[in-house]
Amino acid sequence: MNLGQLDPENEEFVNNYKEMGYSTKTQLANEAIKNLRWKKKNQLREQWRAEAFAEIAETKPDLPFAALDGEDFVLNKAR
């Protein structure tokens, strides 16, 4: 498997693939790429949620009980 020029630290990590339980460097690379894709997907989802929350926070949604005042609600006390 030809990955091109790796940083020495990364090259040492890849070359120790057998110590990590992989039979080939390709298995190690596939696992690493799968995990990186999962991490990036989660980061994009987190970014989307933050943007959606910011967009909603700027609005004033219709609250179904906003017109009711405090006298319309009775606190149910324990008997």
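The values are calculated or read from the model by the stated rules, or taken from the named source; none is laboratory data. These figures come from a predicted structure and were not determined experimentally. Glycine gets a Cβ as well: all are built from the backbone with ideal geometry, and neighbour counts include every protein chain shown.
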What single numbered condition from (1) at pLDDT below 95; (2) surrounded by 10 or more Cβ atoms within 10 Å (Cβ to Cβ); (3) of a type in the set (A, V, I, L, M) fails to hold for Ala67?
(2)
Of all residues in the range 17-44 being surrounded by fewer than 11 Cβ atoms within 10 Å (Cβ to Cβ) and within 21 Å of Gln5 (Cβ to Cβ), which is nearest to the chain's Cα centre (by Cα)?
Leu36
